[in-house]
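Report on one structure; see the data block that follows.
What follows draws every value from the coordinates through simple rules; no lab data is involved. Just so it is clear, the model here is predicted, and its values are computed rather than measured. Positions of Cβ are generated from backbone atoms using ideal geometry, with glycine treated the same way; all protein chains shown enter the neighbour counts.
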Amino acid sequence: MLAGALLALSAVAASAAAPLLLPGLGPDDRRVAVDGTAAPWRSLAKVQTGIGGRCTGALIGPRRVLTAAHCLFNPRTQRFLSASSLHVLFGYERGEFIEHSLVTDVIHADTYDPQKPREGYAADWAILELADDAPPQAPPLSVSQSVPPPGTAVVLGGYSQDKAQIITADTACMVLGTDRTTKGPVLIHDCNGTRGTSGSPLLALRDGQWQVVGIAVAGSTDRLTLNFAVPATAFAAALR
């Protein structure tokens, strides 16, 4: 299933000629603008790189932001970007933000090969260590310890390439299943999200609390909304 025509969702991968449908959206775009000061969206951040890449991240600790590993790769040098070239903007909306945080370190899976992204969706995650605590307006999200079963209701929001100045979200989607790969399981879901949404948390409401169950990493380029996420269990060990 992962061998189909897929594209990473980051703005880094954007091509000059836009297709009829942006990858990850399908013909029925359900994304709506959401209040970035309300839960769970206030815990999201805009992740920017020194080479102009833009993705989304989620605060999962006072100084930890979760995102997608492919967002941090420089295709020109074929190397990962340095931590000092990464910037995290909390509360970003239309050019304004609450806080600009610097990154001191990056943790990512040793098994992730950025030169073979379609083979490594299961390892496409990264944790950014911030220089200072995130602002109090952005509380950390909890992280799931299990893979969500098919039918689990989820939401997905982020700074999509075509609506990059605000957070838009699909609040009516679900986990469709899990695909097994050589590098671990990959979640299949039907949430709308396109380039720039990479690194966004796939969120489920459990006991009244929003919980990260995965990270958006790729979307289909056909007319089916069939998208992919790294399950939270893939990076659980790195959080201990």
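Annotations
- Computed FRET value (nearest 0.05) for Ala153 with Ala38, which takes r as the C-beta separation and R₀ as 22 Å: 0.75
- Local electrostatic count at Ser84 - Lys and Arg +1, Asp and Glu -1, tallied over other residues with Cβ under 15 Å: -2
- Positive-end extreme of charge dipole, the stretch 41-130 - chosen from His108, Ser82, Thr56 (charges on Cβ): Thr56
- Percentage relative contact order, the stretch 41-130, counting C-alpha pairs under 8 Å, at least six apart: 30 percent
- Extended-chain gain in nm, criterion 0.36 nm per residue less alpha-carbon gap, Glu96 and Gln165: 23.9 nm
- When each of the peptides 185-192, 206-213, 76-83 is scored by how many other beta carbons lie within 10 Å of its residues on average, the order from highest to lowest is 185-192, 206-213, 76-83.
- Charge dipole (debye, nearest 20) of the chain; +1 at Cβ of Lys and Arg, -1 at Cβ of Asp and Glu: 280 debye
- Relative contact order computed over the chain (Cα-Cα under 8 Å; 6+ residues apart), in percent: 27 percent
- Spin-label model, Thr182/Ala131: points 7 Å from Cα along the beta carbon direction are separated by 4.1 nm.
- Put in line by how crowded their Cβ is, counting other Cβ atoms within 10 Å and starting with the fewest, Lys46, Lys116 read Lys116, Lys46.
- Model label points for Lys116 and Ala238, set 7 angstrom from Cα along the Cα-to-Cβ axis, are 1.9 nm apart.
- For Gly50, the shell of other residues with beta-carbons less than 14 Å away shows a net charge of +3, using +1 for Lys and Arg and -1 for Asp and Glu.
- Arg79 paired with Asp207, simple spin-label distance in nm, labels 7 Å along Cα-to-beta-carbon: 4.6 nm
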